[in-house]
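S.K.: This structure is in structure tokens; I'll ask about it shortly.
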Amino acid sequence: MSWEDKDIDKLFRESANQVNVPFQDSFWDEMEAMLPQKKKKKGFFWVFGASFTVIAVMIAGTFLYPTQRPVSAKLNSVSTANSTPTNVVAISPIAQATLLETNKTMETTVEEKTQHTNFKSNDHAPRFQNRASKNPFFTEGAISAHTSSNTGKINPTFLTPISYQNIVNQTETEIRLLFRPMSNSIGLQPSKNIELQLKNRKSNPWFVQLNAGISQAYLREASTVSPTFSIGVGYQKQVANLAFSAGLQVQNMFVNSLEINRTSRVYHFASTTYQQEIQIKQLYTMEIPLAVSMIKNRHTFSVGLTPGYLLGSLVKVREFENGTLEQQSNYLGQRIGLKSLSLKPHVGYQMQVSKAWQVGIQIQTQLLDQIDLTQFAGEARNFPLIGQLTIRKTLF
Amino acid sequence: MQITLEVLKACAQQDRKAQKQLYEYCFRSLMPVCLRYHNNEEDARSSLNISFLKIINGLESIDLKELNFNAWAKRITTNTLIDEYRKSKKHLSHYQGKETERELDIHAEIIQNDAESEFGCESILKLLTQIPDASAKVFGLYVIDGYSHKEIGELLDMSEGTSKWHLSTARKLLREKLEKMNTQIPQKLVI
């Protein structure tokens with residue numbers, strides 16, 4: 001038979017259409033493992049979205065705090081018969097420091113207070129005063145000073161925070177100038193409140209931190225993101241605007257979907273198949289978070305690196321004999337298929353909500369895997385994201 | 001089995017049941033295409049899975065009402081196979097160059113035995129693996145998949161003239177092999 005071109009084409013075209021490869025369900029199982037997980041992405045997005053929203057609201061609240069009130073509305077000066085309020089000076093924390101330095105170098109004789117000058121607030125002033133006295137970094141803090149008409153001397157009576165509205169348009173130099181002539185000519189002695197504030201400026205370097213978040217490190221088809229929790233202590237050393245911190249914390253990561261299956265077949269008269277299904281439920285890691293932070297007012301931006309050592313895991317082991325479940329139990333401390341060291345760089349943002357408390361958010365990724373990927377059937381990303389909300393309390 | 005618009009929409013929304021239905025459909029229609037580009041079923045299935053992943057991802061961003069799914073899916077699969085072919089072209093030519101005369105004889109004998117046992121579609125298609133790879137690809141794209149020489153040239157980074165030459169070479173080599181098969185089967189039957 002001689003083969004013309006059209007015959008060859010027809011033969012191959014028909015043959016191509018006739019090929020029939022039987023389909024098996026196991027083929028779909030392989031394919032399913034490759035398919036994207038919509039739920040997990042959505043969950044990850046929403047949790048992160050919610051976290052960022054909370055942080056955004058907190059930051060917005062910081063700037064939108066209602067401080068734009070006239071001084072007259074806040075300060076209601078009530079003086080005694082022999083005293084007359086003559087001067088109200090508002091200074092920034094920097095000016096406060098200047099004030100202290102000035103008073104230390106000047107030899108002044110200030111008589112004991114003979115009058116009481118009370119500043120009462122009709123609305124927000126007490127709240128401000130309270131916050132200012134507790135937090136030495138509180139920027140709205142200010143000092144008011146009164147002179148006595150009888151003695152002609154200034155009595156730095158107490159700290160009364162006023163709105164920085166009056167000085168918001170003035171530079172720090174202007175504020176210093178505003179204050180210095182009075183201190184130089186008459187002399188000031190810091191009140192106990194001022195001393196207390198400046199004494200408390202150096203906060204305790206030790207802190208306790210709690211982190212809670214989600215990780216996309218190890219995912220399988222049926223799983224969502226893995227929740228992580230950690231708690232630890234740390235030490236922070238502050239140099240100017242920079243802070244260096246180191247800590248020690250224990251992290252617990254819930255990884256319900258990590259599974260390792262081991263099958264062995266024993267041949268005797270017949271053969272018996274033993275299957276061991278190890279489901280890793282939790283990973284316990286000891287971590288040493290190291291960070292460098294830049295502090296700007298109450299905002300802290302940090303970068304860091306967290307080496308970790310896997311302490312162990314909680315696993316559920318199920319043993320099958322010829323497909324029948326024979327035994328099922330939980331074990332603590334199993335390290336099958338796991339690796340010891342981990343390394344996670346991170347960036348973070350924290351906000352000081354009070355003198356002792358900071359809240360923030362932290363984004364980590366993972367450079368070293370904690371599990372042996374050759375035994376892992378799910379989706380292990382190269383640089384998985386780990387998002388965490390952090391709460392830090394300074395120890396006293 | 002027919003794939004409806006509802007199934008495609010469900011697949012785009014990551015409905016596993018619908019995706020399995022679509023996979024089974026694609027397996028039957030696209031696996032033969034993949035098998036033409038690979039010597040074994042495992043590699044063919046791997047290419048099919050990669051293609052199916054692209055199909056599922058593509059469903060999310062395409063207008064499903066206007067979609068001719070069969071043609072679109074086949075196009076994605078073919079492009080995937082050609083991409084893989086491009087990546088492995090260098091390796092394959094190196095591999096083929098290392099074949100010894102003895103290996104070629106053994107390989108040819110297997111083909112002959114297949115042809116003797118079954119002059120069926122699989123044996124016919126296996127002949128494509130016995131001719132130079134580029135010629136086989138051009139033959140498959142032109143004759144079976146219906147691409148033009150211009151399209152083949154763009155896909156395989158060659159000129160239209162080269163594509164025509166490969167087609168001519170493929171037909172010539174396939175003719176020789178078919179004639180050889182024709183002559184051997186009657187001999188076997190006579191014996």
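S.K.: Considering amide H positions built from the backbone, and no H for Pro or chain starts, which residues 5 or more places from A:GLN282, or on another chain, come under 5 Å of its amide H?
M.R.: Hits under the 5 Å cutoff: A:VAL255, A:LEU314.
S.K.: For segment A:220-377, what does the equivalent ellipsoid look like in terms of its semi-axes, each the square root of 5 times an eigenvalue of the Cα gyration tensor, given largest first in whole Å?
M.R.: Numbers: eigenvalues 380, 35, 30 Å².
Value: 44, 13, 12 Å, ordered largest first.
S.K.: Stretched out fully, how many nm does the piece from A:SER329 to A:VAL54 gain, at 0.36 nm a residue minus the Cα gap? Mind dumping the intermediate values first?
M.R.: Working: separation 275, 0.36 × 275 = 99.00 nm, distance 4.08 nm.
94.9 nm is the gain from fully extending A:SER329 to A:VAL54.
S.K.: Can you sort B:LEU35, A:LEU325 from fewest to most other Cβ atoms within 10 Å of each residue's own Cβ?
M.R.: On the way: B:LEU35 24, A:LEU325 11.
Taking fewest neighbouring Cβ atoms as first place, the list is A:LEU325, B:LEU35.
S.K.: For segment B:1-82, take N as its residue count and report Rg(C-alpha) divided by 2.2 N^0.38 Å. Numbers along the way, then the final one.
M.R.: Working: Rg = 12.1 Å, N = 82, 2.2 N^0.38 = 11.7 Å.
In units of the 2.2 N^0.38 Å rule of thumb, it is 1.03.
S.K.: For a quick check: with amide H placed at 1.01 Å from N, whose amide H comes under 5 Å from A:LEU395's, ignoring anything fewer than 5 positions away on the same chain?
M.R.: Distant-sequence amide H within range of A:LEU395: A:TRP206, A:PHE207, A:VAL208.
S.K.: Please list, by residue number, every one of the chymotrypsin sites (Phe, Trp or Tyr not before Pro) in segment A:262-297 that is coil in DSSP and has at most 16 other beta-carbon atoms within 10 Å. Please list the in-between numbers first.
M.R.: On the way: sites: A:TYR267, A:PHE269, A:TYR274, A:TYR284; in loops: A:PHE269.
In loop regions of segment A:262-297 (DSSP not H, G, I, E or B), the sparsely surrounded chymotrypsin sites (Phe, Trp or Tyr not before Pro) are A:PHE269.
S.K.: Given R₀ = 35 Å, what would the calculated FRET efficiency be for A:LEU368 paired with A:VAL317, taking r from the Cβ atoms and rounding to 0.05?
M.R.: Working: r = 26 Å, r/R0 = 0.74.
Once the sixth-power term is evaluated, E becomes 0.85.
S.K.: Continuing with the same structure: Please list, in chain and number order, the residues 5+ apart from A:VAL353 or on another chain whose amide H is under 5 Å from its amide H, with Hs placed from the backbone.
M.R.: Amide H neighbours of A:VAL353, under 5 Å, 5+ apart: A:GLN358, A:VAL359.
S.K.: Taking N as the number of residues in segment A:232-285, what is its Cα Rg relative to 2.2 N^0.38 Å? Mind dumping the intermediate values first?
M.R.: Working: Rg = 23.4 Å, N = 54, 2.2 N^0.38 = 10.0 Å.
Here the answer is 2.34, to two decimals.
S.K.: Hey, fewest Cβ within 10 Å first, where do A:MET294, B:MET31, B:MET158 land in order? Show your work: numbers first, answer last.
M.R.: Working: A:MET294 13, B:MET31 22, B:MET158 16.
Result, fewest neighbours first: A:MET294, B:MET158, B:MET31.
FYI, it's all coordinate maths here, none of it is from the lab. Here the structure is a predicted model, which means the values were calculated and not measured. Cβ atoms come from the backbone with ideal geometry, glycine included; neighbour counts cover every protein chain shown.
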